[in-house]
Each structure stands twice: as structure tokens, then as C-alpha cells.
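Peer 1: My questions will all concern the structure given below.
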Amino acid sequence: MRHQERAHIARRVAGVALSLAALFPGVALALAVLSLCLLPEPAAATVATPLGGAFSITPARRYIVAHPPLTLAPTGVANTTQVTLDVHVIPVLLSQLPSGAFSYELTPLALRAARGILSSDTSHFVLPPGASREVSLDWHDLPRRARTANLGVIYQAMPVARGTPVRIVEQLLGVDILRLPGHYRSSGQLTDLRVSQLKPRTLRLALDAHNSGQDLASPSRIALTIHDHTGRRVLARSLATDIVLPGATREFVLNLAHPLPAGSYTAIGHMAFGSSHDLATRTSFQLIAPNELPSSQMQLRLLTAQGAVSQGAQVAAQTKNTGSAPGTLDVALRLYRLNEGIPASRPIATRAFTTPPLAPGHTSQLREALGRGLHPGTYRLLADYHAIGGAPQTLIADFQAQQPLDLLAELRGISREHALLLPGLLILATSVLLTLVLARERQHRDALQAARRQIDELERQR
């Protein structure tokens, strides 16, 4: 019964993963492997379908120690749904994401390299309802100078039924870890420890474990301890371990809801991985309230834009940090030409940048140039950024591109924008002129006095 419950949970997990992968085919995850982690041993990886029944493969994971060339035990593919399935078989090279899920590339170069190591006796077949068949896999070789290879085989199924508005694509991944006989070094490294805010009053502590060995392995021990500013240990937790592919880095996470009061702390990660013992890494962090890290809260506001014909747009805005830590803001600008109030399908200019760090409680003026060679007409500027809490936000500013102003018009515009500037300049000019006149008068007076002294001296000599 326990085995059946775990298998049922595994199928539900894989079903959710496959639904997501169908929406994002560019980043293909190891879908069936998510369910394998819940199974006690290699077994059928199944995915429940809305059509009733399941599409499954058996076995879903194999660990082969042998010398190629070798024909592997066949993989059974079964269709217990109510529709005929069009199945494609695709060998791929596996890598591993920090989350632990397997990933693969579907580029022509990567697919060709995978087929050079492992191939199937068929790349495509049709599977009627209630039918099953076997797929034979041949291990040809290993990459040059390699002793192991991490391969996967995608079994991609699509209903043959026509006329349906949405055709669901389902994918299963069989995992084949291939290696030559012999001794393999097992070692690892702790590369990083990060503390972040998962949600209010919950911290996320993430340890990065790197497999620096030659074979698939898992850490034998991972633990986290937290010490306060006096060095007293206030928390100790052990983390569950799992497999890490050679050369991959996997993230092991502790979500901490245990309340830690405001203060200074040091988190220390401990790990043993193969022959690497007593590995440790640490990081310090500050809490401004129970389980609350300092955080920046950046805002973008007061967006304006203007531009002249044959020139670019001048963008101005204000950034403000209302948080408790220095922060930056990622901003993406898009400039559109408007036609009867409707923006064009594509922007005529774009720019993405990160603002300089801003201290808590401070504001800063943002000025950027965007695009060039504007034509007469109306334009719309969009500024995209992520607001407090991560929600995407967009500010909008419309402006009219007009002919560049001549010097007199520019001076008039400046005087309108700065009402006190022109009177101030007049007062300054008058003061300068008066100063020059007084200085010139003083020079004339001094020269006249000098001439009189010379005349008086000549008369005394006579």
C-alpha cells in the first residue's frame, strides 16, 4: 500500500511538471525524474492524462556499469489512455539544475552528440489505446577520454485524434547513467551559502554543493548551524541529501520559520561528500525584526519624456528607496510611435539598465537618452520595472516630437520654465556692467592724479 501511495504521488508530481514543460519547450526539464525521486526503486514513470488512463515507461532509471558497445534491456512503453498516441523517441544529454531536476538541450549539435552515445531502434511509432511495445536502446560509445555519460531518452506522445482545439503533448524521460567499470573519485565542495527572505517571518538558507568527483554521488551529510553575535549556537538543522551529477552544483535549502530575534547572526554550512570531510562555509546576516532581513524597496515615479525631430527622446524620472537596505532598480525602456493613439506593434527603440545603488530613504533623479532620428508625431514611452514585492509595473509617458527650437525660442522656453532666471541674469549683468564702469572711472581718476603730480613737480623745478 505504501508503495502504491508513493507511486500515486509521483504520478501527480510528474503530471504537473509536464503541463508546465509543454508551455515552455525551450527549457526542457527532466519531467519523469521528478516522480522517480518518490519511488522506492526504478519503476514505471507514468503521467495521468485528461483522456483517462496513463502514458508510461518502464524502467524509468538505469545505472549501467559495463563496456560498450552494449544493447540495454528494452524499455516498455504503455498506453492505457482512450486515444491513439503518436510517440517520438529522442536521446538527449543530461545536465542538472540547481533545484536537482535534470535538464537537457534540444539543439541539433546536442542531439547528434547524444545519438553517438545512445540510440534507439526506432525514433517514432504509433501506440493504440491499451497497447504497449518495447524500445531497444544501444550503447555505442563514450565521449572522448570520458569514463561516464549521463543520458536521457525522451518519450514524447501526442494524441492522434483530430479536430480538438488543444492537442496535449506529454513527455516522459528515461534516465540512463552509463559508466565503465573501475574506481572513481568521490569528492565535493561547498561553494556558497545564501540567506534570503522567502516570505514574511520565513528565511531561506541555501547551500550550494558541488560534485567535484568523477561519478554520480550524494553528500553523506549536510547541516546548518546559526550563531548569534556572542558566538552562541541558536539553531542546528540537518538537511536531506540527494544525488548530484559529476560537475554539477545542487542547491540544498532550509526554509526557516523558527523565530530569530533582531540582531547579528552567522550561518555556517557543514558537509561531507565522499572523500571530502568537514567542509564548511559561512555567511553573516542582520535581522531588523524577528526573521526579517533588511531589504530595499525601490520605486520609479514621475516619468516624463520629450524629444525633437531628427533627435532622440530625453527621459527623466525619479527613483526612491523606502526600504532598510541599499538597492538598485532594473529598468527597461520602450519607445513606440503612435498612430491615431495606437502604438505600433514593435518599439522603435529599447534600452535596459540598472540604476546606481541608492541608500535607504534617499531619492535620485534619472536621466536617459533613448533612440534617435525622431519624425514629427506622437510617441509613447513605457518604463518597465518590478515594484515592491516583485510585481511587474509599467509607467507611461506620451510626448510630441516637434521641430528643434531656435536660440530665441529656447531662451523663451527657459524663461518660462525658470521665471526668476531672466531677472536674475539682468541683475547680474547690470552689476557686472556697473562694476566695470566704476573700475574704469577709478583708472581715469588715478591717471589724472598722476598727471597733476608730474605737472606740479615740473613747476617746482623751474
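The values are calculated or read from the model by the stated rules, or taken from the named source; none is laboratory data. The model shown is predicted, which means the values in this text are computed figures rather than measured ones. Counting neighbours? That spans all protein chains shown, and the Cβs are built from the backbone with ideal geometry, glycine included.
Peer 1: Restricting to region 366-375, what's the tally of residues that are surrounded by fewer than 18 Cβ atoms within 10 Å (Cβ to Cβ) and over 28 Å from K320 (Cα atoms)?
Peer 2: 3
Peer 1: With the requirement that a residue be farther than 26 Å from I177 by Cα and among the hydroxyl-bearing types (S, T, Y), what does region 218-275 give you?
Peer 2: The answer is T225, T230, S238, S264, Y265, T266.
Peer 1: Still on this structure: Of all residues in region 354-369, which are closer than 12 Å to V331 by Cβ and touching a residue at least 60 places away in the same chain (Cβ under 8 Å)?
Peer 2: Listed by number, the list holds a single entry, L366.
Peer 1: Kindly provide the set of residues from region 224-241 that are of a type in the set (S, T, Y) and more than 31 Å from the chain's Cα centre (by Cα), ordered by number.
Peer 2: Result: T230, single match.
Peer 1: Can you name every residue in region 80-112 that is buried (at least 18 other Cβ atoms within 10 Å of the Cβ) and either assigned to a loop (DSSP other than H, G, I, E, B) or in contact with a Pro (Cβ under 6 Å, 6 or more places away or on another chain) (or both)?
Peer 2: The answer is T81, V83, G100.
Peer 1: Let me confirm something: among T363, T394, T378, which residue is surrounded by 12 or more Cβ atoms within 10 Å (Cβ to Cβ) and at pLDDT 95 or above?
Peer 2: Of T363, T394, T378, the one residue that is surrounded by 12 or more Cβ atoms within 10 Å (Cβ to Cβ) and at pLDDT 95 or above is T363.
Peer 1: When you scan region 128-150, do you find a residue that is within 28 Å of the chain's Cα centre (by Cα) and within 30 Å of Q82 (Cα to Cα), even just one?
Peer 2: For region 128-150, residues within 28 Å of the chain's Cα centre (by Cα) and within 30 Å of Q82 (Cα to Cα): absent.
Peer 1: If I filter region 125-137 for residues that are among the hydroxyl-bearing types (S, T, Y) and surrounded by 17 or more Cβ atoms within 10 Å (Cβ to Cβ), do I get at least one hit?
Peer 2: There is no residue in region 125-137 that is among the hydroxyl-bearing types (S, T, Y) and surrounded by 17 or more Cβ atoms within 10 Å (Cβ to Cβ).
Peer 1: With the structure loaded, tell me whether L109 is over 36 Å from the mean Cα position of the chain (by Cα) and among the aliphatic types (A, V, I, L, M) or whether it fails that test.
Peer 2: Against the criterion (over 36 Å from the mean Cα position of the chain (by Cα) and among the aliphatic types (A, V, I, L, M)), L109 does not qualify.
Peer 1: Within the set of pairs 6+ apart or on separate chains, which have a first residue in region 316-332 that is in contact (Cβ under 8 Å) with a residue 60 or more places away in the chain and in a strand (DSSP E or B), a second that is crowded, with 17+ Cβ neighbours inside 10 Å and aliphatic (A, V, I, L, M), and C-beta atoms under 7 Å apart?
Peer 2: Close Cβ pairs satisfying both conditions: A317/L300; A317/L303; A317/L366; A317/A383.
Peer 1: So if I check each of P343, P356, which one is under 30 Å from Q297 (Cβ atoms) and either modelled with pLDDT of 90 or more or crowded, with 16+ Cβ neighbours inside 10 Å (or both)? Explain how you work it out, then say what you get.
Peer 2: Numbers: P343 fails: under 30 Å from Q297 (Cβ atoms).
P356 is the lone residue from the list that is under 30 Å from Q297 (Cβ atoms) and either modelled with pLDDT of 90 or more or crowded, with 16+ Cβ neighbours inside 10 Å (or both).
Peer 1: Here is a further query. Looking for something under 30 Å from the mean Cα position of the chain (by Cα) and more than 30 Å from H88 (Cα to Cα) - is there at least one such residue anywhere in region 163-182?
Peer 2: No, region 163-182 has no match at all.
Peer 1: Only one of (1) without any contact (Cβ under 8 Å) to a residue 24 or more places away in the chain; (2) closer than 26 Å to P294 by Cβ fails for R351. Which number is that?
Peer 2: (2)
Peer 1: Do we find that I243 is farther than 29 Å from F102 by Cβ and of a type in the set (V, I, T) in this structure?
Peer 2: no
Peer 1: Same structure again: What's the total number of residues in region 279-292 that are surrounded by fewer than 16 Cβ atoms within 10 Å (Cβ to Cβ) and touching a strand residue (DSSP E or B) at 6+ places or on another chain (Cβ under 7 Å)? Outline the logic, then answer.
Peer 2: Taking region 279-292 as the starting set, the residues that turn out to be surrounded by fewer than 16 Cβ atoms within 10 Å (Cβ to Cβ) are 280, 282-284, 286, 288-290.
Then drop every residue that is not touching a strand residue (DSSP E or B) at 6+ places or on another chain (Cβ under 7 Å), which leaves 280, 282-284, 286.
Of the residues in that region, 5 qualify.
Peer 1: Check whether at least one residue in region 267-278 is touching a Leu at 6+ places or on another chain (Cβ under 6 Å), β-branched (V, I, T) and at pLDDT 95 or above, and report yes or no.
Peer 2: no
Peer 1: Inside region 401-425, can you point out the residues that are surrounded by 14 or more Cβ atoms within 10 Å (Cβ to Cβ) and at pLDDT 80 or above?
Peer 2: Hit for region 401-425 is A401, nothing else.
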